[in-house]
Amino acid sequence: MSSHTPDNNRRRFIKLTAASLVAAPFAEVLLGGTALAADMVTETDPMAAALGYKADATKADKRTDTTALCSNCTHYTGKPGEANGPCAIFQGKLVSANGWCSAWLKKAA
Ligand code: SF4
């Protein structure tokens, strides 16, 4: 008799489904952490370099408004108080809340 009877196939399907349900949350944590780290804009990124992006705004030599920060830029969608958040100019990649680049535009009050 074959080992691939409908009963065996059903048991195998149930085992695989159960294993997937158990493993899914761990996979998300592992992949989520990696994706977050990879999503930070670096100063050496070609577009960041072209825009003079600095994670520490005080290090940006073209910045003339000392109050200008990513956190008060219209392109920034991070939550208040968080260290970094998404920037529309960098296609949603994360920038430092205390950063700055030449595309800075004051957020409307
Ligand atoms: S566009 Fe605004 S939020 Fe984005 S990096 Fe430049 S200053 Fe920061």
Worksheet item: Does Lys107 count as touching a Ser or Thr at 6+ places or on another chain (Cβ under 6 Å) and over 17 Å from Asp39 (Cβ atoms)?
Response: yes
Discussion item. Can you pull out every residue in the range 56-109 that is more than 21 Å from the chain's Cα centre (by Cα) and in a strand (DSSP E or B)?
Written reply: Lys106
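So that you can scan it fast, the table gives a plain yes or no per residue for (1) at pLDDT below 95; (2) near the ligand (Cβ under 7 Å from one of its atoms); (3) of a type in the set (Gly, Ala, Ser):
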residue	(1), (2), (3)
Lys54	no, no, no
Ala57	no, no, yes
Thr64	no, no, no
Cys73	no, yes, no
Asn84	no, no, no
Ile89	no, yes, no
Leu94	no, no, no
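The values are calculated or read from the model by the stated rules, or taken from the named source; none is laboratory data. If you're wondering where the values come from, they're calculated on a predicted model, not measured in any experiment. Neighbour counts are summed over all protein chains in view; Cβ atoms, including those assigned to glycine, are modelled from backbone coordinates with ideal geometry.
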